[in-house]
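Encoded as structure tokens, the structure appears first; notes follow it.
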Amino acid sequence: MTVASRLAELGIELPAVAAPVAAYVPAVVHGGLVYTSGQLPFVEGALPAVGKVGAEVSADDAKTYARTCALNALAAAADAAGGLDRIVGVLRVGGFVASAEGFTGQPGVINGASDVLGEIFGDAGRHARAAVGVAELPLGSPVEVEVAFRLA
């Protein structure tokens, strides 16, 4: 099954590639991999929420935003790789959570990204991962996710 057909089966439509907010490109292809820059949970060019998880943003909402970040990463990777079906798996996910003092649920938040990639890629979606709490993220975003994908 192709990635495009799996997305259709899941009812997932990839977003347009988010424009960079600084001096970088959304994704780079190198040596059979495509590395994405950190992706924010942009929906139609806007952040759905700002603030820290555990304060202004709930962990459940942040998990949903991490899912959006992963889909934005897949869109950026497909664009850089020359097509969605060149992407055959996930190697690593890096997740950053803007965390209120005392919030320790970063792994659960970043599961939003890991879970959707697993739904899309099946066993090829199993990956190494980091889930890190940080003081601030760009534009006040509650989450940011970067992904390294394997190419065919």
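Things to note:
- Residue-averaged [θ]222 nm for the chain, counting only DSSP H segments that reach four residues, each worth -39500 (n - 2.57): -10000 deg cm²/dmol
- What a 1.4 Å probe finds exposed on the chain is 53% carbon and sulfur by accessible area, rounded to a whole percent.
- In region 18-108, GluC sites (Glu not before Pro) in a DSSP loop with at most 11 other beta-carbon atoms within 10 Å: E44, E101
- In the chain, the ratio of gyration radius to Kirkwood radius, Rg to Rh, stands at 0.95 when only Cα atoms are counted.
- Gain on full extension, evaluated as 0.36 nm per residue between E44 and S58 minus their Cα-Cα distance, stands at 2.9 nm.
- Rolling a 1.4 Å probe across the protein heavy atoms gives region 65-152 an accessible surface of 38 Å² per residue.
- Region 1-74: chymotrypsin sites (Phe, Trp or Tyr not before Pro) falling in loop per DSSP and having at most 10 other Cβ within 10 Å: Y24
- Computed with a 1.4 Å probe over protein heavy atoms only, the accessible area of E146 comes to about 60 Å².
- Radius 15 Å from Cβ of V93, net charge of other residues (Lys, Arg +1; Asp, Glu -1): +2
- Residue among A66, G54, H127 farthest towards the positive dipole end of the chain, charges placed on Cβ: H127
- Comparing mean-square fluctuations of G32, G94, G54 from a GNM of the chain with C-alpha springs under 10 Å, the top value falls on G32.
The values are calculated or read from the model by the stated rules, or taken from the named source; none is laboratory data. Because the structure is a prediction, the values reported are computed rather than measured. All Cβ positions, even for glycine, are placed from backbone atoms using ideal geometry, and neighbour counts span all protein chains on display. To get the accessible areas, we keep the full protein, side chains included, count just its heavy atoms, and leave off ligands, DNA and RNA. Shrake-Rupley method; radii C 1.70, N 1.55, O 1.52, S 1.80 Å.
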